[in-house]
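Engineer: One structure is given below, represented as structure tokens, and several questions about it will come after.
The values are calculated or read from the model by the stated rules, or taken from the named source; none is laboratory data. Remember, predicted model here, so these are calculated numbers, not experimental data. Quick reminder, even Gly has a Cβ in these numbers, built from the backbone with ideal geometry, and neighbours come from all protein chains shown.
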Amino acid sequence: MKPLSIMVIEGVKLVFRKNPNYFECDAAGERLPYIDAVSVSFLIDKQVAFLEFIKGKFDFMSGIDARYKDELLTYDGNLRKKYEDKIELITEPYLNTEYFSFFIDPNDPLGSDRARALRQAVSLCIDREKMLRYLRNGIGEPGTGGMIPVGLPGHSSTIGYGYDLKRAQRLVAENHLEGYLLQLSTVADYADIGKFVQSQVEQIGLQCKMEVMPPATMRSMRSNCSLPFFRSSWVADYPDGENYLSLFTTSNHCPAGPNYTHYTNPKYDKLYDKALLCNDLEQRAQYYTEMDSLMMRDAPVVVLFYDEVLRFVNKRVKDMGSNPTNLLDLRRVRME
């Protein structure tokens with residue numbers, strides 16, 4: 001039995017009404033949920049949604065947009081003082097890894113070794129701390145580990161790529177990659193990060209052409225293996241490192257699965273199978289770390305950052321809370 005019933009006005013509003021027969025009660029015996037209804041409005045323009053939230057029309061807003069991030073947050077990711085009496089900011093680590101992906105073409109004219117050196121150089125030349133501070137107001141953790149985000153078993157901060165400009169330049173020079181043209185595809189919401197990466201790779205002697213496309217176009221083209229270098233992200237379906245590592249198994253090559261890089265490594269596949277059959281949690285975490293480390297050495301992805309849940313809540317809303325998968329649980333929310 002669900003705590004709420006649903007009413008929909010297509011394209012305008014979604015209303016969840018309290019189910020008076022919902023079975024769950026709190027410790028004092030009061031039936032959940034506390035609130036009578038929840039109204040969700042559909043606004044395509046995030047700037048309009050922000051303005052309506054500030055006016056008090058909406059009680060809750062999740063996430064941040066580049067157009068108003070500096071209005072709400074300081075460069076350190078704190079709520080600006082002028083909003084402290086009206087808004088509560090709730091943050092916590094989010095099981096979401098943001099990254100750029102390379103499509104690994106077995107017929108790449110660079111050859112496998114030079115192509116790997118190119119990917120490694122790109123990962124090394126990005127100053128992630130600077131990117132987070134100036135483009136995301138400090139929201140998130142620099143992606144200097146592997147694909148598994150901070151907080152999940154198997155994560156290791158030592159297996160990824162930190163900012164090492166000299167090493168990146170050396171890889172480019174040693175592999176005669178000067179002037180190589182990267183074709184980066186991204187979506188409008190991440191154009192600022194794309195431009196930042198573009199400027200970073202150009203300082204090591206590479207060229208980078210960026211194309212901004214609609215999300216639906218990007219999804220279609222990446223499934224058809226038509227994008228050489230493209231924006232990606234992965235939010236965990238469940239809190240386990242396997243959810244991230246499955247993105248790089250041979251059996252999951254797109255279009256049959258979500259391995260849009262077409263990364264293939266027999267040793268990786270064997271470790272993945274071992275991890276699936278392992279019931280010992282510590283041993284399985286070790287398999288995860290070994291797999292993540294192996295994959296990161298081949299660098300099919302450029303891990304940018306591990307995201308944070310960001311919730312802006314009107315102060316009249318009490319006990320909103322949060323969780324690492326950013327699921328909205330309103331059963332214990334009260335309104336003043």
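Engineer: Among the residues of the stretch 201-213, is any within 24 Å of D292 (Cβ to Cβ) and touching a residue at least 12 places away in the same chain (Cβ under 8 Å)?
Structural biologist: yes
Engineer: In this structure, does L152 turn out to be more than 30 Å from N323 (Cβ to Cβ) and of a type in the set (A, V, I, L, M)?
Structural biologist: Here the answer is no, as L152 does not meet what is asked.
Engineer: Which of the strands (runs of 3 or more DSSP E) contained wholly in the stretch 175-276 include at least 2 residues that are farther than 21 Å from P109 by Cβ?
Structural biologist: It comes to 207-212, 229-235.
Engineer: Sticking with this structure for a sec: If you scan the stretch 131-167, which residues turn out to be part of a loop (DSSP other than H, G, I, E, B), over 12 Å from E308 (Cβ atoms) and under 16 Å from the mean Cα position of the chain (by Cα)?
Structural biologist: Within the stretch 131-167, G143, T144, G145, G146, M147, I148, L152, H155 qualify.
Engineer: Restricting the search to the stretch 33-72, which residues are of a type in the set (V, I, T) and either in a strand (DSSP E or B) or in the same structural domain as Y190 (by TED's automatic domain parsing) (or both)?
Structural biologist: V38, V40
Engineer: Which condition does V302 not pass, out of (1) outside any helix (DSSP H, G or I); (2) farther than 23 Å from L171 by Cα; (3) touching a Lys or Arg at 6+ places or on another chain (Cβ under 9 Å), if it passes all the others?
Structural biologist: It is condition (2) that V302 fails.
Engineer: Considering only residues of the stretch 159-175 that are in contact (Cβ under 8 Å) with a residue 24 or more places away in the chain and exposed (fewer than 14 other Cβ atoms within 10 Å of the Cβ), which is farthest from V197 (Cα to Cα)?
Structural biologist: E174
Engineer: Specify which of the listed residues (T91, T97) is over 16 Å from V302 (Cα atoms) and part of a strand (DSSP E or B).
Structural biologist: Only one candidate qualifies: T91.
Engineer: Still on this structure: Could you tell me how many of the residues in the stretch 19-31 are touching a residue at least 60 places away in the same chain (Cβ under 8 Å) and basic (K, R)?
Structural biologist: Result for the stretch 19-31: 0.
Engineer: Here's a follow-up. What is the number of the single condition among (1) surrounded by fewer than 19 Cβ atoms within 10 Å (Cβ to Cβ); (2) touching a helix residue (DSSP H, G or I) at 6+ places or on another chain (Cβ under 6 Å); (3) among the hydroxyl-bearing types (S, T, Y) that S112 does not meet?
Structural biologist: Unmet for S112, out of (1) surrounded by fewer than 19 Cβ atoms within 10 Å (Cβ to Cβ); (2) touching a helix residue (DSSP H, G or I) at 6+ places or on another chain (Cβ under 6 Å); (3) among the hydroxyl-bearing types (S, T, Y): (2).
Engineer: Now a separate question. Residue under question is I64, and the condition is that it be crowded, with 19+ Cβ neighbours inside 10 Å and at pLDDT below 90; does it hold?
Structural biologist: yes
Engineer: For Y34, work out the one condition from (1) without any contact (Cβ under 8 Å) to a residue 24 or more places away in the chain; (2) more than 28 Å from the chain's Cα centre (by Cα); (3) buried (at least 16 other Cβ atoms within 10 Å of the Cβ) it doesn't fulfil.
Structural biologist: (1)
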